[in-house]
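Enquirer: One structure is given below, represented as structure tokens, and several questions about it will come after.
The values are calculated or read from the model by the stated rules, or taken from the named source; none is laboratory data. Since this is a predicted model, take the numbers as computed values, not measurements. Methodologically, a virtual Cβ is constructed for each residue, glycine included, from the backbone with ideal geometry; neighbour enumeration extends over all protein chains shown. When the accessible area is computed, the model is the full protein with side chains, heavy atoms only, and any ligands, DNA or RNA have been set aside. Shrake-Rupley method; radii C 1.70, N 1.55, O 1.52, S 1.80 Å.
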Amino acid sequence: ILGVTVAYNKDPSPVKLNLGVGAYRTEEGKPLVLNVVRKAEQQLINDRTRIKEYLPIVGLVEFNKLSAKLILGADSPAIRENRITTVECLSGTGSLRVGGEFLAKHYHQKTIYITQPTWGNHPKIFTLAGLTVKTYRYYDPATRGLNFQGLLEDLGAAAPGSIVLLHACAHNPTGVDPTIQQWEQIRKLMRSKGLMPFFDSAYQGFASGSLDTDAKPIRMFVADGGECLVAQSYAKNMGLYGERVGALSIVCKSADVAGRVESQLKLVIRPMYSSPPIHGASIVAVILRDKNLFNEWTLELKAMADRIISMRKQLFEALRTRGTPGDWSHIIKQIGMFTFTGLNPAQVSFMTKEYHIYMTSDGRISMAGLSSKTVPHLADAIHAVVTKAV
Ligand code: KET
């Protein structure tokens, strides 16, 4: 994914368009630093009592508490009963890796099931963590929707106790999420087989525009009293990509187990990077602890989510206006940052060569990289590629 950006940077064309990486851009095509982040940073700079000493191995403790509350809900039974441990990690990727290594060391089952397809980094992260990676069916290219039957069959056939990676919302790359009723069926099946849920939450707030709505599947699993892991990223929803700030939470069955899990997490982290960075986590803590800043954040987040949804509508309309053959309704149905267009690698490479449009070879486009000005160019390219034989 980052390689797509490297190729894009080398292209001298003035009409070039980078729809590869899942990073938010404004209507002017510029990266966005949230206003609320600027305010938090100013507050941090003004505070002369702040120091730059090492954080503890588990990171900024207040950040960890607030992160658990954000993802599980303030009234979460797991938080109330103190049977959760949260450690600050290096964004979503670092949280997945630390969680993976912890499981490889201490969990009795070493197999993790990931969706077919999934984010390209998942198989690498978990293989290097020492787990065996298998896939479960998820996406049906024919309907461009969820292969729910296949998903249930594959999870039903998994060895008891296996780990299952679940995209909390805004599935990457397909943009296809289970409904709440389907999540409930998944939960029941997984609990009945003792499968261990490991949620990847990289887009909380980006799917629906609401932080609570997007966390719902996770909260359903926590409400039943069972165990689970959650990797949280603030890259997208706070626009803190390069600050590398995220959290790994492990929900346990008792406070005693949570304490022991935390000691083991420290043993994973200490030789890996010793302790996490202080700045990004401090920004997040300032925003999450202050009611006004928090509310301001939710508004800015909603505005980003709304702009993405509006790009979906504009692209869909542009293709309809051009009479582009095919059913393109998935563009408005899919959820989150990406549209899984259904374009094949040959078509993608044609669009890059002839139209200077960059995307991953699986046909995924980042809607967050589009603007009203660039939608016509993309629609022209899609129209051209599907009306010619590639
Ligand atoms: N999980 C998913 C599903 C995901 O798409 C990403 C990033 C991450 C975790 C990790 O993000 P982090 O920055 O470590 O918090 N995805 C985008 C960026 C990338 O590939 O690095 C992307 O898919 O474009």
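Enquirer: If you scale each eigenvalue of the Cα gyration tensor by 5 and take the root, what three semi-axes come out for the chain, rounded to whole angstrom and sorted largest first?
Expert: 34, 26, 18
Enquirer: Against the 2.2 N^0.38 Å scaling, with N counting residues, where does the stretch 205-261 land? I'd like the Cα-based Rg ratio to two decimal places.
Expert: 1.32
Enquirer: Need one number: the % of Cα-Cα pairs in the stretch 195-318 sitting beyond the 24 Å mark.
Expert: Roughly 41 percent, rounded to a whole number.
Enquirer: Moving on. Give the lysines reachable from Lys124 as a straight Cα distance under 18 Å; neighbours fewer than 8 places away on the same chain don't count.
Expert: Straight-distance partners of Lys124: Lys105, Lys110, Lys134.
Enquirer: Continuing with the same structure: Over the chain, with a Gaussian network built from C-alpha contacts below 10 Å, which listed residue (Ile84, Ile250, Ile45) shows the highest mean-square fluctuation?
Expert: Ile45
Enquirer: Any chance you could look up the accessible area of Thr111 with a 1.4 Å probe, heavy atoms only, rounded to 10 Å²?
Expert: Its heavy atoms expose roughly 20 Å² to the probe.
Enquirer: So, one more: Which value in deg cm²/dmol, rounded to the nearest 500, describes the helix-derived mean residue ellipticity at 222 nm for the chain, given -39,500 (n - 2.57) per DSSP H run of n ≥ 4 and division by the residue count?
Expert: Dividing the helical sum by the residues of the chain leaves -15000 deg cm²/dmol.
Enquirer: Let me ask something additional. Rounded to the nearest 5, what % of DSSP beta bridges with both residues in the chain are antiparallel?
Expert: About 50 percent, rounded to the nearest 5.
Enquirer: Now for a different question. Counting other Cβ atoms within 10 Å of each Cβ, which trypsin sites (Lys or Arg not before Pro) in the stretch 1-51 have at most 14 and sit in a DSSP loop?
Expert: Within the stretch 1-51, the qualifying trypsin sites (Lys or Arg not before Pro) (loop, at most 14 other Cβ atoms within 10 Å) are Arg48, Arg50.
Enquirer: So how do 214-220, 298-304, 253-259 stack up, highest first, on mean other-Cβ count within 10 Å?
Expert: 214-220, 298-304, 253-259
Enquirer: According to the Cα gyration tensor, what semi-axes, each the square root of 5 times an eigenvalue, does the equivalent ellipsoid of the stretch 29-172 have, listed from largest to smallest in whole Å?
Expert: 34, 21, 16
Enquirer: Can you give the FRET efficiency for Val6 and Gln185, using 1/(1 + (r/R0)^6), R0 = 45 Å, r = Cβ-Cβ distance, to the nearest 0.05?
Expert: For R0 = 45 Å, the calculated efficiency reads 0.60.
Enquirer: State, to one decimal in nm, how far the label point of Gln42 lies from the label point of Arg270, with both points 7 Å from Cα in the Cβ direction.
Expert: According to this spin-label approximation, the distance is 4.2 nm.
Enquirer: Can you list the DSSP H helices in the chain whose Cα atoms extend at least 24 Å along the helix axis and whose mean Kyte-Doolittle hydropathy is -1.0 or higher?
Expert: 255-273, 291-322
Enquirer: Another question, then. Top mean-square fluctuation among Gln181, Gln264, Gln204, Gaussian network model of the chain, C-alpha springs under 10 Å?
Expert: Gln181
Enquirer: To continue, here is another question. Rounded to the nearest 5, what % of the DSSP beta bridges within the stretch 133-292 are antiparallel ones?
Expert: 45 percent
Enquirer: Wrap a convex hull around the Cα atoms of the stretch 1-81, take a quarter of its surface area, and give that in square nanometres.
Expert: 9.8 nm²
Enquirer: Let me ask another. Cut-off 10 angstrom, C-alpha nodes, Gaussian network model of the chain. Which of Thr115, Thr86, Thr143 fluctuates the most?
Expert: For the chain, modelled as a Gaussian network with Cα springs under 10 Å, the answer is Thr143.
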